[in-house]
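Down below is the structure, laid out as structure tokens.
A short reminder: the numbers here are calculations on the coordinates, not readings from a lab. In this text the structure is predicted, and so the values were computed from the model without any measurement. No Cβ is skipped: glycine too gets one built from the backbone with ideal geometry, and neighbour counts run over all protein chains shown.
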Amino acid sequence: MPNYDYKCETCGHVFEVFQKMSDDKLTDCPEGGCAGNVRRLLGAGAGVIFKGSGFYETDNRSKSYSDGAKGDSGKSSGSSESKSASKSKES
């Protein structure tokens, strides 16, 4: 549920209300003794919050690390293939 900012057209009172998007807009000023109409102000909106990893530059690995990982993955897949080939020969 978002926060909405309102301003009274009569007394100038600015206030914030936490309400559902489906709720009706407020019409009356909550200040005591003021019966003025209020107008909803344009807000900046909510900030975007990213959770998890991978959203920041520091979350990425260095190029040398990535290159080394690629080299290791080629070696490990070759050894697993040779293991599976030797198992099939035994059967």
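Things to note:
- The H on the amide N of residue 13, modeled in the peptide plane, is under 5 Å from the matching H of 8, each at least 5 residues off or on a different chain.
- Ordering 4-17, 24-37 by mean Cβ neighbour count within 10 Å, with the highest value first, yields 4-17, 24-37.
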